[in-house]
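Engineer: Quick one: the structure is below, and I'll ask about it shortly.
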Amino acid sequence: MEMDVQSKPCRPHWYEQYVQPCLAELLGTMYFVFVGCLSVIENPESTGLLQPALVHGLAAGLLVAALGEI
């Protein structure tokens, strides 16, 4: 005798659904602003706008790689 059992779709836990994305957004924004501010503190005149642009680009890439799956 064969019995077809249908399981309910697995729903994520409330922590994974609500808290984790908010914490990831908070952490990512804090890191992005902190690194951006640090990049312009000792910005010599010869660097121009290149150093802050590179730092923000690398910070965004790092944050996407680290927190992208959340």
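Engineer: Would you mind telling me the share, in percent, of accessible area of segment 1-58 contributed by carbon and sulfur at probe 1.4 angstrom? Intermediate values should be presented prior to the final figure.
Structural biologist: Values: 3610 of 5480 Å².
Accessible surface attributable to carbon and sulfur in segment 1-58 totals 66 percent.
Engineer: Can you give me the angle between helix 20-41 and the longest principal axis of the chain, using Cα atoms only, in degrees from 0 to 90, rounded to the nearest 10?
Structural biologist: It is inclined by approximately 10 degrees.
Engineer: Before rounding to the nearest 500, sum -39500 (n - 2.57) across all DSSP H runs of length at least 4 in the chain and divide by the residue total; then give [θ] at 222 nm in deg cm²/dmol. If you can, show how the numbers build up before the last one.
Structural biologist: On the way: 2 runs with 40 residues, N = 70.
Estimated from H runs of four or more residues: -19500 deg cm²/dmol.
Engineer: With only alpha-carbon atoms in the gyration tensor, what are the semi-axes of the equivalent ellipsoid for the chain, in Å, largest first? Present the calculation step by step, with values, prior to reporting the outcome.
Structural biologist: Values: eigenvalues 408, 32, 5 Å².
Over the Cα atoms of the chain, the ellipsoid semi-axes are 45, 13, 5 Å.
Engineer: Using the basic label-point model (7 angstrom from Cα toward the beta carbon), what is the Val40 to Tyr15 distance in nanometres?
Structural biologist: For the pair Val40/Tyr15, the computed spacing is 3.8 nm.
Engineer: Using only Cα atoms, tell me the angle between helix 50-67 and the longest principal axis of the chain; keep it within 0 to 90° and round to the nearest 10.
Structural biologist: 10 degrees
Engineer: Calculate, for the chain, the solvent-accessible area per residue in square angstrom, rolling a 1.4 angstrom probe over the heavy atoms of the protein chains.
Structural biologist: Averaged over the residues of the chain, the accessible area is 90 Å².
The values are calculated or read from the model by the stated rules, or taken from the named source; none is laboratory data. Quantities reported herein were computed from a predicted structural model and do not represent experimental measurements. Cβ: placed from backbone, ideal geometry, glycine included. Neighbour counts: every protein chain shown. SASA here: full protein model, heavy atoms, side chains in, ligands and nucleic acids out. Shrake-Rupley method; radii C 1.70, N 1.55, O 1.52, S 1.80 Å.
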